[in-house]
Every structure is written in structure tokens, then in C-alpha cells.
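The values are calculated or read from the model by the stated rules, or taken from the named source; none is laboratory data. Nothing here was measured: the structure is a model prediction, and the numbers come from that model. Neighbour counts are summed over all protein chains in view; Cβ atoms, including those assigned to glycine, are modelled from backbone coordinates with ideal geometry.
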Amino acid sequence: MGKGEHGHFAGTQGADPHHNLTDNLPALKEAFKSTPEGYFGTKGSSTKVRRISSSDPVATAKKFFEIASAGGVKDEKVSSGNERVSVVMKDGSRITMRITSSSDGSPAVDIVVSKVSKGAIKDQKIHFTKGEQQ
């Protein structure tokens, strides 16, 4: 990854400084519904598995990932082209986007929160499904 490249889905270059995950929460919460406990979307098969419905799940997942991972650094060891992209934030939190999840085939974004950002947002796996916008 070249100098100035940050972990956006399309590998775009930008001047964003390296951010903590919590730096991106205001924009993320403005764009997507969240609970006071720090979860996004509605509860899925467990508390940590969430669902966000929209008319275009891939585009919605990409938008969520772009906002959540802004200012992060792409982890080339974990990323696999555009099918799977993983970004590490300044605080050590990791955001991973998969176009096709192994569980149900939907796009998914996994958030693993570092100790620094615990409390403001929870570890969660968000599946993006086709349906009425949430």
C-alpha cells in the first residue's frame, strides 16, 4: 500500500489521518440507526449478530464500511481483493467487510473493538440484507 493510502474499500487514497474507531462513530450513527448500547441495525441470531436491511445490500454494506473504516490502514495479510477487505484503526480496532458471508451469503461487516474504544461501540457482525430500509 502506498503512502497516503488508507483502508477504504476501493483502495482510494486520501489525506485522512489515522483515526480511532470512536472518531468515526458520529458519522456512522448519523447514517445508520444504533442502539444506546452501541449496536447497529436489528438483532439477528444473537446479540452480536445484527441485520441492516436496504434495497441494495452491497451498496449499503460498502457505505457502512467506508464510514466505519475512514482513517484506518488496510491489512494486506487479511484482505483478499474486493471480496474481503480488513482495516486496522489507530486504536487497534478492526473492521472487515466481506461481500459474501459464509453463513448466509449476504454482505457482512465485522467490527472487533479494541479496549480503547470499548463501551462506545460493541463487537458485532452486521449482515446487510434485502428488504425495507431500516
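Summary of values
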{"quantity": "Selection count, the stretch 14-56, where residues are more than 19 Å from S117 (Cα to Cα), outside any loop (DSSP other than H, G, I, E, B) and of a type in the set (G, A, S)", "calculated": "3"}
{"quantity": "Matching option when the condition is more than 17 Å from S54 (Cα to Cα), out of contact with any strand residue (DSSP E or B) (no Cβ under 9 Å at 6 or more places or on another chain) and among the β-branched types (V, I, T), among V87, V116, V112", "calculated": "V116"}
{"quantity": "Index of the failed condition, S117 passing every other in (1) in contact with a helix residue (DSSP H, G or I) (Cβ under 6 Å, 6 or more places away or on another chain); (2) polar (S, T, N, Q); (3) at pLDDT 95 or above", "calculated": "(3)"}
{"quantity": "Residue list for the stretch 46-65, restricted to those being of a type in the set (V, I, T) and either surrounded by fewer than 19 Cβ atoms within 10 Å (Cβ to Cβ) or at positive phi (or both)", "calculated": "T47, V49, V58"}
{"quantity": "Every pair of residues 6+ apart whose Cβ atoms lie under 8 Å, when the first sits in the stretch 66-83 and is without any contact (Cβ under 8 Å) to a residue 24 or more places away in the chain and on the phi < 0 side of the Ramachandran plot while the second is surrounded by 13 or more Cβ atoms within 10 Å (Cβ to Cβ) and of a type in the set (K, R)", "calculated": "V78/R84; E83/R98"}
{"quantity": "Count of the stretch 80-97 residues which are more than 21 Å from G38 (Cα to Cα) and crowded, with 19+ Cβ neighbours inside 10 Å", "calculated": "1"}
{"quantity": "Residue, surrounded by the fewest Cβ atoms within 10 Å (Cβ to Cβ), within the stretch 98-125, restricted to residues that are among the hydroxyl-bearing types (S, T, Y) and touching a Ser or Thr at 6+ places or on another chain (Cβ under 7 Å)", "calculated": "S114"}
